Structure formats: structure tokens, C-alpha cells
Amino acid sequence: MRKKISQLFRKNRITFLVKKEFLQIKRDKRLLPTIIILPIMQLLLFGYVVSTDVKHLATAICDFDRSAASRQILSSFSNSEYFDFKYYVKSQREIKDLIDEGKARIGIVIPPNFSKKVALGETAHLQIIVDGSDSSSANLALTYASKIIRAESGKVSQELLSKMVVQKPIPNLSPQLRIWYNPNLKSVNFMVPGLMATILMQITLIQIAIAIVKEKELGTLEQLIVTPIKRVEFILGKAIPYALIGFCDVVLIILVGLFWFKVIFQGSLILLLFLSLIFVFANIAVGIFISTISKTQQQAMSTAVFITMPSIMISGFIFPVENMPKVIQYLVYLIPLKYFLIIVRGIFLKGIGLKTLWPQVTPLLILALVMLTLSTRRFQKKLSD
Amino acid sequence: MEYAIETENLTKSFGVITAVDRLNLKIKKGEIFGLFGPDGAGKTTAIRLLTTILKPTSGTAKIAGYHLIEDAKEIRKRIGYMSQRFNLYGDLTVDENLLFFADLFGVKGKKRDNRIKELLSFSNLTQFRKRRAEHLSGGMKQKLALSCTLLHEPEIIFLDEPTTGVDPISRRELWKIISDLHLKKVTLFITTPYLDEAERCNKVAFMDKGKIILIEKTKKIKERVKGDFIEIVASPPKKVLKVIKEINDVIQGEIFVDRIQAWVKNVQKAIPLISKRLKQEGFEIRAIHSIQPSMENVFIQIMRELPKKDERENICHN
């Protein structure tokens with residue numbers, strides 16, 4: 001009974017701290033815009049600017065053949081939304097110039113004997129010239145181009161064969177591609193959940209580090225130590241407000257994602273929020289750690305950026321982890337963001353639940369617990385040193 | 001006799017530097033204890049050890065009857081601490097600061113409201129209740145900080161240089177508050193660089209380079225003084241001092257603004273001697289009389305008797 005009362009009492013002390021923190025947040029003229037405007041800005045920026053889709057590539061055409069066959073293959077290029085025919089030229093040299101000037105990204109050259117060779121059933125060549133300076137879109141453009149050519153050549157051989165063998169169906173292997181979860185391969189669908197994870201990380205991790213160091217810098221932390229507050233209560237009193245703000249940002253991002261970018265959201269919101277909580281705890285742990293090695297708010301800020309930036313880069317937010325050097329891949333195992341990115345994208349795009357996500361949830365939970373224990377201990381030790 | 005503060009070889013080192021070196025103190029309940037010393041002497045570290053902010057490297061202490069490390073929580077309920085810097089929330093109002101600390105100390109309900117009202121009126125802050133702490137003047141900030149440490153009616157109050165950087169009026173007000181607390185049998189532990197404030201303490205200690213080099217009851221400390229002090233008003237003071245110092249009976253002389261204070265072996269012999277000599281040299285003496293030694297005089301004297309001459313010089317100039 002006595003214990004219960006004292007527990008209730010302690011809970012009250014945390015609420016006093018939380019109340020005070022919110023009062024300060026309300027008065028901080030810079031913090032509020034950071035918490036609300038920053039996530040939306042990032043979302044809009046990344047949603048529009050960072051698009052890994054390759055569409056409407058400026059294309060230069062050099063058709064030496066000028067036949068029905070060449071027109072047919074060109075029209076299947078222009079019918080796809082990937083290639084915009086902007087220039088019709090008379091020599092390969094002109095294509096080179098256009099690509100050098102950056103006016104065209106891809107050039108298609110059809111040699112003079114193209115239709116003849118097709119009619120004779122010989123292998124007909126056509127040349128695709130791609131500006132490789134942007135390697136990832138060059139790759140994608142080539143993939144699209146060869147897909148179109150393969151389809152065309154399939155049609156041609158079908159026609160030829162059906163002329164030779166009368167009225168008999170010709171066996172043919174063709175893949176039926178179906179892309180699940182993000183059928184249009186829209187990068188926004190991939191970006192928005194990822195952004196939710198990175199923004200949540202930035203808000204909670206940076207803000208908590210700064211909020212603790214601020215008390216240290218102003219000396220109020222010292223004043224709090226002399227009160228009957230426990231260190232854990234102090235940390236919770238700091239963590240709860242920023243975790244709540246982080247949650248508001250999660251909801252904000254989901255809303256903007258759903259209604260502005262029309263992102264698919266398949267899974268359970270409650271599960272997402274619950275797993276976000278674990279992720280928030282991991283970030284708070286890092287934030288506390290940063291606060292133990294920083295003396296001023298400025299130091300805390302730069303240390304936080306120094307930690308968050310690389311983790312965003314290597315955790316699979318934009319670039320797939322599988323393509324990274326082995327050393328980095330091992331390092332990534334220690335970054336909570338890696339697991340949370342998979343979780344968020346899984347819930348958003350695939351609607352999967354805990355059953356499928358446990359290989360991500362378990363390491364995330366363990367990481368969060370270990371980091372929280374270590375950093376709280378370090379915090380306690382550093383305080384009285 | 002139970003002591004409010006009792007330390008035993010309390011030591012704190014930061015790496016190779018020993019900030020507090022084997023501190024042994026016994027402070028009775030209800031005493032005003034003053035810890036003096038130059039900047040960097042270790043006064044703040046000492047206070048931070050006693051208030052459980054820092055963990056000692058070695059040694060122990062009992063504060064309000066509780067063990068410094070094992071019962072830190074009990075100690076925190078019974079002490080108040082005001083640091084040298086303003087340690088409250090500048091972005092919260094006077095009221096909000098008071099309420100927050102009252103909440104943390106578990107001062108609730110009607111008792112809380114009464115206590116806040118009381119503290120506001122005795123610190124003259126009632127009309128500034130709604131003002132943010134950062135917009136208060138230095139003296140008002142100090143009084144607010146003191147009020148916040150008094151909310152839970154602590155048994156022992158630690159004040160780290162409460163009067164440093166505070167205007168003379170606020171300084172007097174602060175000392176008024178301190179004597180009021182003394183009347184209420186609260187134990188006070190005060191550090192200050194101003195020697196003249198020693199007179200208001202029951203017991204004083206002088207600290208230098210982490211060590212207590214002198215600890216004495218204020219009454220007794222004046223008894224330690226050998227010889228007498230006289231004050232001479234004559235100009236120009238610098239030249240007068242030079243002449244006086246040549247006299248055999250004068251142990252030490254110092255200029256205080258427009259007058260000279262001299263420490264002499266015997267006042268009866270010294271006054272005629274000095275008067276005669278100054279007249280001989282052609283100085284006009286406007287006044288010469290014996291004075292009660294001030295704490296400053298006393299400290300200067302005691303310091304000079306302690307070993308290591310070069311260090312003394314640093315301590316004693318004010």
C-alpha cells in the first residue's frame with residue numbers, strides 16, 4: 001500500500017516535469033516551427049524532388065531506314081511514357097552533340113538496312129546511345145529500351161513463324177510480370193514511409209539531446225539534482241514530451257502522405273504507432289548519450305547531426321543496404337533506423353503485421369533496451385563526476 | 001551534540017587536480033557558517049559535494065544526520081541549495097518557477113499557496129509574479145532563487161556566493177533574509193569571497209587550493225589578533241604609508257581608499273610615535289585613532305602568519 005502511494009507520487013513528479021517542459025516548448029519561438037514546419041517541408045521536398053522514377057527522357061531519333069518496320073519500332077518507344085521524341089536528326093554526330101549539350105538523354109539510331117534484314121529474317125541491329133553520366137537513370141532507360149525491343153522482336157518472330165507453319169499455335173515463353181505493393185513503382189510510396197522514420201528520428205533524437213544539454217548549460221539540471229527527483233524521472237520527464245511530439249509528427253506525415261501524395265497505407269496504424277514507440281526509445285537513448293558528451297547546445301546539435309546524417313545514408317533510406325560494402329552492412333545492424341525503415345515500409349505498403357515483422361522488431365527492441373540502459377547509466381555517472 | 005554538517009576527510013579530485021582536499025568540518029545546528037577563499041579555492045566544489053550533486057572521491061559526510069552517499073535522497077528533502085549562477089528557468093514566470101519547485105518537493109495544496117505568498121512578500125516579488133524570470137534584475141533573480149530553495153522549509157541551506165554580483169541594497173536584503181532564517185534555527189552554509197561578510201557568521205573557515213587553512217568561531221577569531229589596529233587620515237596616503245612602514249612598532253599598513261590602516265604592536269605606544277614622526281616629515285594629520293579590527297584586517301593578519309609568503313599576497317589583496 002505504501003509502495004503504491006509512493007509510486008503514484010513519483011508519477012506525479014514526472015507529470016510536473018512534463019508540464020514544465022511543454023510550457024517551455026510553448027514559449028520557445030524557434031522550437032514550435034521546427035517541430036511542425038520542418039517535417040512538412042522535408043516531406044514536400046523529398047516527395048517531389050527526390051524521385052527515382054525515370055520518365056519522359058528527351059530522346060533524339062536518327063532513322064536512316066525510314067520504313068514501316070522502323071516506324072513501328074519507334075512508335076512503340078514513343079507510346080511508352082519513358083521516352084519523349086524531341087529531336088529528329090540526320091546523323092549520329094548530331095545525336096552526340098545533343099547529348100553533350102544535355103538536350104537529349106538518349107539517342108536511337110536505326111541503320112539503313114534495318115527493314116530489309118527484318119524481312120529476310122536476319123538479325124537486325126539498332127543502336128541505343130545513352131548518357132551515362134547519371135548512371136542510375138541511364139540504367140533504367142536501357143532496361144526500358146531493351147524491354148521494348150524484346151517485345152517487338154518477339155512480335156516479329158511470331159509473324160515470321162506463323163507465315164511458315166500454317167495455322168499451328170507456336171509455343172512461346174513469356175513472363176507475366178506483376179509488381180506487388182507498389183504497382184506503379186511510384187517512388188513517393190517508398191519515400192513517404194521512409195521520411196516518416198527519418199523525421200521521427202531527427203525530431204526525437206536531436207530535441208532530447210538539446211533539451212537535456214540546455215538544462216545542463218543553464219545550470220537548472222544542478223538545481224533539479226538537489227530536489228528529490230530521481231534521475232530516471234528526470235529522463236522520463238524529458239522523453240515523454242518529445243516522444244509525444246514525435247507521435248504528432250508521425251500522424252502529420254501519414255496525413256500529408258495519404259491526402260497529398262496519395263500514398264498507399266495498407267497496414268495497422270496502431271501497430272505502426274506502437275512500433276514507433278520502440279523506435280522513439282532507441283532515439284531517446286542516443287539523444288541521452290549525446291547529452292553526456294556535449295557541454296553546450298551547439299555541441300549537442302552538431303554531434304546529433306554527425307550521428308543522424310550517416311545513419312540515414314547507410315540504413316537503406318534511399319540506397320539499398322544489400323549493395324553496400326560488407327563492413328558497412330555489419331555496421332548497419334547496429335542502427336535502429338535500418339529495422340524501423342523495413343517495418344514502416346512493410347506496414348505502409350504491404351500491410352504486414354507483427355507475424356512477419358518480428359525479425360525486425362526483435363533486434364529493434366533489443367537495441368532500444370541496451371542503448372537505453374547504457375546511456376541512462378552513463379548519464380547518471382557523468383552527472384555526479 | 002549532533003551536528004548539521006559533519007565531514008570526514010571529504011575529498012574530490014578531477015583527474016590530477018584535487019579540488020577539495022580532506023575537508024573536515026563540524027557545523028552545529030542553527031549556525032551560520034561562512035566559507036571564504038579566493039576564486040578557484042574549491043568552495044563551490046565543497047558545496048556541491050555537501051549538496052549531493054557531486055560524488056566524493058574519498059571520505060564521508062553526514063548531512064542532517066544522513067549519510068552523504070547512501071541516504072542522498074533523504075538529504076535532498078532536507079536541504080536547500082542556491083548556486084552561484086542563476087539556476088532557475090528564465091523562460092518561466094516567477095510564479096511558475098515557484099510552483100514547479102513546490103511540486104517537485106511535494107509541497108501541496110493550501111500549504112503551498114501560503115508558502116509561496118509568504119516567500120513572495122518577504123522577497124518583495126509579489127508584484128512581479130507574472131514576469132518571466134529572465135527579465136528580473138540580478139538582485140530579484142537571486143531572491144527568487146533563494147525563495148525557490150526555501151519552499152520546502154529545509155533544515156540546512158547552502159548558499160554559494162549569494163552576494164556576488166548583487167547591488168548593495170539587494171545584498172543587504174539578502175543578509176536580512178539570512179538572519180531571519182538564522183532566527184528560525186535553520187543552519188546556513190555560505191560561501192563568499194567578501195571578507196566583510198564574515199562578521200555575520202557564527203563560524204568561519206578560510207579555504208585555499210582545496211584545503212581549509214583556518215577554521216574558527218567568529219568571536220574567537222578576533223581574539224587571535226595580536227596587537228592593535230589604528231586608522232590614520234593624512235594625505236597623500238601613499239607617501240604617508242611609506243613613512244609609517246619604516247616605524248619599528250608598525251607591523252603592517254594598508255591603504256583603504258583615503259585612509260591608512262596600520263597594524264601595530266601596541267596602540268598606546270604607536271599613536272604618539274606615528275604622530276611625532278609624521279609631523280617631523282611635514283604631513284598634516286587629520287585624524288588618528290585606534291579601531292576595532294575588521295574581518296578583513298584579521299584575515300590579512302592571520303594569512304600573513306601562515307607559511308608560504310608568495311601565496312599569501314594573492315589571497316589578501318581585495
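The values are calculated or read from the model by the stated rules, or taken from the named source; none is laboratory data. Quick caveat: nothing in here was measured; it's all calculated off a predicted structure. No Cβ is skipped: glycine too gets one built from the backbone with ideal geometry, and neighbour counts run over all protein chains shown. When the accessible area is computed, the model is the full protein with side chains, heavy atoms only, and any ligands, DNA or RNA have been set aside. Shrake-Rupley method; radii C 1.70, N 1.55, O 1.52, S 1.80 Å.
So here's what we get for this one:
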read-out	value
Tally of residues being part of a loop (DSSP other than H, G, I, E, B) and either open to solvent by 80 Å² or more (accessible area, probe 1.4 Å) or modelled with pLDDT of 85 or more (or both) across the stretch A:43-72	8
Positions within the stretch B:60-101 being part of a strand (DSSP E or B) and either among the acidic types (Asp, Glu) or open to solvent by less than 30 Å² (accessible area, probe 1.4 Å) (or both), in sequence order	B:Ala61, B:Ile63, B:Ile79, B:Gly80, B:Tyr81, B:Met82, B:Thr93
Residue selected from the stretch B:168-184 under the condition open to solvent by 50 Å² or more (accessible area, probe 1.4 Å) and either aliphatic (A, V, I, L, M) or in a loop (DSSP other than H, G, I, E, B) (or both), by the criterion modelled with the lowest pLDDT	B:Ile169
Members of the stretch A:219-263 that are outside any helix (DSSP H, G or I), more than 14 Å from chain B (Cβ to nearest Cβ) and surrounded by fewer than 21 Cβ atoms within 10 Å (Cβ to Cβ)	A:Trp260, A:Phe261, A:Lys262
Any hit, the stretch B:219-230, residues being closer than 27 Å to B:Thr45 by Cα and surrounded by 16 or more Cβ atoms within 10 Å (Cβ to Cβ)	yes
Selection within the stretch B:231-246 - surrounded by fewer than 17 Cβ atoms within 10 Å (Cβ to Cβ) and not in a strand (DSSP E or B)	B:Ser235, B:Pro236, B:Lys238, B:Lys239, B:Lys242, B:Lys245, B:Glu246
Members of the stretch B:55-108 that are over 18 Å from A:Val18 (Cβ atoms), among the acidic types (Asp, Glu) and within 10 Å of chain A (Cβ to nearest Cβ)	B:Glu74
Members of the stretch A:85-114 found to be open to solvent by 40 Å² or more (accessible area, probe 1.4 Å) and either under 24 Å from A:Val156 (Cβ atoms) or touching a helix residue (DSSP H, G or I) at 6+ places or on another chain (Cβ under 8 Å) (or both), listed by number	A:Phe85, A:Tyr87, A:Tyr88, A:Arg105, A:Pro112, A:Asn113
Only one of A:Lys381, A:Lys338, A:Lys350 that is among the charged types (D, E, K, R), closer than 30 Å to B:Thr45 by Cβ and touching a helix residue (DSSP H, G or I) at 6+ places or on another chain (Cβ under 9 Å)	A:Lys381
Selected residue (criterion: least open to solvent (accessible area, probe 1.4 Å)) from residues of the stretch A:10-20 that are modelled with pLDDT of 85 or more and out of contact with any helix residue (DSSP H, G or I) (no Cβ under 7 Å at 6 or more places or on another chain)	A:Thr15
Residue among A:Phe46, A:Phe83, A:Phe77 that alone is farther than 30 Å from A:Phe259 by Cβ, touching a residue at least 24 places away in the same chain (Cβ under 8 Å) and in contact with a Leu (Cβ under 7 Å, 6 or more places away or on another chain)	A:Phe83
Per-region count, the stretch A:334-376, residues at pLDDT below 90 and open to solvent by 70 Å² or more (accessible area, probe 1.4 Å)	4
Subset of the stretch A:283-312 [more than 19 Å from the chain's Cα centre (by Cα), part of a helix (DSSP H, G or I) and among the small types (Gly, Ala, Ser)]	A:Ala285, A:Gly287, A:Ser291, A:Ala300, A:Ser302, A:Ala304
Members of the stretch A:115-159 found to be open to solvent by less than 70 Å² (accessible area, probe 1.4 Å), assigned to a helix (DSSP H, G or I) and either among the acidic types (Asp, Glu) or more than 26 Å from A:Lys96 (Cβ to Cβ) (or both), listed by number	A:Val118, A:Ala151, A:Glu152, A:Ser153, A:Gly154, A:Val156, A:Ser157, A:Gln158
Selection within the stretch A:21-31 - open to solvent by 50 Å² or more (accessible area, probe 1.4 Å) and in contact with a helix residue (DSSP H, G or I) (Cβ under 7 Å, 6 or more places away or on another chain)	A:Phe22
